[in-house]
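Data first, discussion second: the structure below is written as structure tokens.
The values are calculated or read from the model by the stated rules, or taken from the named source; none is laboratory data. Not measured: the values here are computed from a predicted model. All Cβ positions, even for glycine, are placed from backbone atoms using ideal geometry, and neighbour counts span all protein chains on display.
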């Protein structure tokens, strides 16, 4: 059991953040979560309480990534900061600054206030898209923490660009900072897994559309996948481990093609067999459809390749053991069904 240290978790109402809060509470920490809308605090408490009793150890502060007010007060008395908050859109925005500004500037606000407050360590939630986005580099290449998305490449989409720029800015801040605060970074892949409430995470939209029969076939597209429970556990491990200071860690279990995700869903939820797409779309049809469907535009660059992000560093340095991608797929689908966000097909 950990000491009674106080940890600030930004974006407390988010899918990943709620799991981080639950993991911290289970280990004995006190948590102060940040919210843009304070009225949702009871919902966060109710969600976290499904996993662990907060027992008076969870409080909240009202903050916004785009505003300076409140950050210093929120971080006062905190030993650690988990900066999880960052916008994650389902569609490519017309103006990339809609994502870049809150991601990068929010990280700078959080880190600046943490340094002023004497925070010992900050854990920043980045993403594997800050590592592996951009032009194809070879079908057999394995990406590691040494790799970076090229922020000067005009083909990089706004979301990967926002994550790469925010993380770069955080490392630049850490290099200049003289407060003694240490920075560590977690880079999750596609995050699936069990939901604690109706917020199943933006990533779950893929599974939701599969189960609803929204697509007759899937693109030839691969994903690196991780379970949200592993993401939360890695945040805490990186926060606590002495050797993680100044390091970034990929949090990814394994890569699957979308056709394999569909196969897993059929195996575990056969009642949805008629809805789940089992055929693979030719690449040219996906490119044509992406002209009219904004949700497909993020897949066009990487058709026909499954970019693999290595988790060796987390396994060797942290001794981390990952759940399988199949566990994450099944867990998020089960949450969607149990929460009534996806209705079982009508029986004939």
Single residue of 126, 133 found to be touching a helix residue (DSSP H, G or I) at 6+ places or on another chain (Cβ under 7 Å) and at pLDDT 95 or above: 126
Odd one out for residue 4 among (1) modelled with pLDDT of 95 or more; (2) exposed (fewer than 15 other Cβ atoms within 10 Å of the Cβ); (3) touching a strand residue (DSSP E or B) at 6+ places or on another chain (Cβ under 8 Å): (1)
Residue within the stretch 207-217 that is surrounded by fewer than 23 Cβ atoms within 10 Å (Cβ to Cβ) and assigned to a strand (DSSP E or B) present: yes
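Which residue, of 245, 217, 241, 233, is in contact (Cβ under 8 Å) with a residue 12 or more places away in the chain and under 16 Å from the mean Cα position of the chain (by Cα)? Before you say what the answer is, go through the steps one by one.
Numbers: 245 fails: under 16 Å from the mean Cα position of the chain (by Cα); 217 fails: under 16 Å from the mean Cα position of the chain (by Cα); 241 fails: under 16 Å from the mean Cα position of the chain (by Cα).
The match here is 233.
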Residue within the stretch 82-101 that is in a strand (DSSP E or B) and either under 26 Å from residue 180 (Cα atoms) or out of contact with any strand residue (DSSP E or B) (no Cβ under 7 Å at 6 or more places or on another chain) (or both) present: yes
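From the list 240, 247, exactly one residue is touching a strand residue (DSSP E or B) at 6+ places or on another chain (Cβ under 6 Å) and modelled with pLDDT of 90 or more. Which is it?
Working: 240 fails: touching a strand residue (DSSP E or B) at 6+ places or on another chain (Cβ under 6 Å).
It is 247.
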Counted residues, the stretch 16-48 - those being out of contact with any strand residue (DSSP E or B) (no Cβ under 7 Å at 6 or more places or on another chain) and under 15 Å from residue 229 (Cα atoms): 7
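Can you name every residue in the stretch 249-267 that is closer than 14 Å to residue 220 by Cβ and without any contact (Cβ under 8 Å) to a residue 60 or more places away in the chain?
Pass one, the stretch 249-267, residues closer than 14 Å to residue 220 by Cβ: 255-262.
Listed by number, the residues that qualify are 257, 258, 259, 260, 262.
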Single residue of 12, 17, 55 found to be surrounded by fewer than 17 Cβ atoms within 10 Å (Cβ to Cβ) and either touching a residue at least 40 places away in the same chain (Cβ under 8 Å) or in a loop (DSSP other than H, G, I, E, B) (or both): 55
Residue within the stretch 306-315 that is at pLDDT below 80, under 22 Å from the mean Cα position of the chain (by Cα) and not in a loop (DSSP other than H, G, I, E, B) present: no
Residue 108, sole failed condition from (1) touching a strand residue (DSSP E or B) at 6+ places or on another chain (Cβ under 8 Å); (2) in contact (Cβ under 8 Å) with a residue 40 or more places away in the chain: (1)
Subset tally (residues that are touching a strand residue (DSSP E or B) at 6+ places or on another chain (Cβ under 9 Å) and on the phi > 0 side of the Ramachandran plot) for the stretch 156-210: 2
Yes/no for residue 6 being farther than 22 Å from residue 120 by Cβ and in contact (Cβ under 8 Å) with a residue 40 or more places away in the chain: no
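Consider the stretch 310-348. How many of its residues are over 18 Å from residue 234 (Cα atoms), surrounded by 13 or more Cβ atoms within 10 Å (Cβ to Cβ) and touching a helix residue (DSSP H, G or I) at 6+ places or on another chain (Cβ under 9 Å)? Lay out the reasoning, then the answer.
We begin by selecting, within the stretch 310-348, every residue over 18 Å from residue 234 (Cα atoms); these are 326, 329-348.
This time we only want the ones that are surrounded by 13 or more Cβ atoms within 10 Å (Cβ to Cβ), so: 326, 329-337, 339, 341-342, 345.
After this cut, where a residue has to be touching a helix residue (DSSP H, G or I) at 6+ places or on another chain (Cβ under 9 Å) as well, the list is 326, 329-337, 341-342, 345.
Adding up the residues that qualify gives 13.
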